[in-house]
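The values are calculated or read from the model by the stated rules, or taken from the named source; none is laboratory data. Just so we're clear, the structure is a prediction, and the values are computed from it rather than from any experiment. Cβ: placed from backbone, ideal geometry, glycine included. Neighbour counts: every protein chain shown. When the accessible area is computed, the model is the full protein with side chains, heavy atoms only, and any ligands, DNA or RNA have been set aside. Shrake-Rupley method; radii C 1.70, N 1.55, O 1.52, S 1.80 Å.
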Amino acid sequence: MSDASYDRSRCSVAGTLSVVGEKWSLLVMREAFLGVRRFADLQQALGAPKAVLTDRLATLVQEGLLSREPYREEGARQRHEYRLTAKGRDLYPTLVALMQWGDRYLADGPPPLALEHADCGAPVHVALVCADGHEVPGPREVLARPGDHR
């Protein structure tokens, strides 16, 4: 594909990074995938400054990756949980791919976390496949063409 045929101002990678390309945003999403929902629990797990966590959560809610749901423990004031939306859950393969890459190239020893399929216990990994089910081992096996702009 020639440089002239691809409108980089509409790049999906750049658009995605504008939403989740900051370290704390991806780490908040990681914790959400691990089931952490409450601000105090997120702050404890991440060690993020309160102002940074507040800002990242607001952005993730505004972008529709998390929803902010009220809850109240008995005798306490109302607080909020942050729950994954469908849009947020669709980011899961991306985080698993980042994890796999880090396990392969950055881990010193065994990976710190293993993912297993809940139904059968087999290890989980991300694989690139075409619509016909063929595994695509890398970029040399892919042709990049301008998208359909209907």
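The table that follows gives values for the structure above.
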item: Where a residue in the range 76-87 is closer than 15 Å to Asp41 by Cα and of a type in the set (Asp, Glu) and its partner, wherever it lies, is part of a loop (DSSP other than H, G, I, E, B) and open to solvent by 50 Å² or more (accessible area, probe 1.4 Å), with Cβ under 6 Å and at least six apart; result: Glu81/Arg37
item: All positions within the range 83-92 that are open to solvent by 100 Å² or more (accessible area, probe 1.4 Å) and of a type outside the set (Asp, Glu); result: Lys87, Arg89
item: Subset of the range 93-111 (residues that are under 25 Å from Leu57 (Cα atoms) and open to solvent by 90 Å² or more (accessible area, probe 1.4 Å)); result: Leu98
item: Failed criterion for Val19 (all others in (1) buried (at least 16 other Cβ atoms within 10 Å of the Cβ); (2) part of a helix (DSSP H, G or I); (3) modelled with pLDDT of 95 or more hold); result: (3)
item: Matching residues in the range 26-58 - criterion: being open to solvent by less than 70 Å² (accessible area, probe 1.4 Å) and under 15 Å from Leu91 (Cα atoms); result: Leu26, Leu27, Val28, Met29, Glu31, Ala32, Phe33, Gly35
item: Count - residues of the range 96-150 that are part of a loop (DSSP other than H, G, I, E, B), at pLDDT 95 or above and either of a type in the set (Asp, Glu) or in contact with a His (Cβ under 7 Å, 6 or more places away or on another chain) (or both); result: 3
item: The range 112-135, subset aliphatic (A, V, I, L, M) and open to solvent by 90 Å² or more (accessible area, probe 1.4 Å), residue nearest to Val96 (Cα to Cα); result: Leu128
item: Those residues of the range 24-53 which are β-branched (Val, Ile, Thr) and in contact (Cβ under 8 Å) with a residue 12 or more places away in the chain, in sequence order; result: Val28, Val52
item: Listing of helices (runs of 4 or more DSSP H) fully contained in the range 27-95 that carry 2 or more residues being modelled with pLDDT of 95 or more, within 28 Å of Gly15 (Cβ to Cβ) and hydroxyl-bearing (Ser, Thr, Tyr); result: 50-62
item: Gln62, sole failed condition from (1) surrounded by 15 or more Cβ atoms within 10 Å (Cβ to Cβ); (2) of a type in the set (S, T, N, Q); (3) out of contact with any Lys or Arg (no Cβ under 7 Å at 6 or more places or on another chain); result: (1)
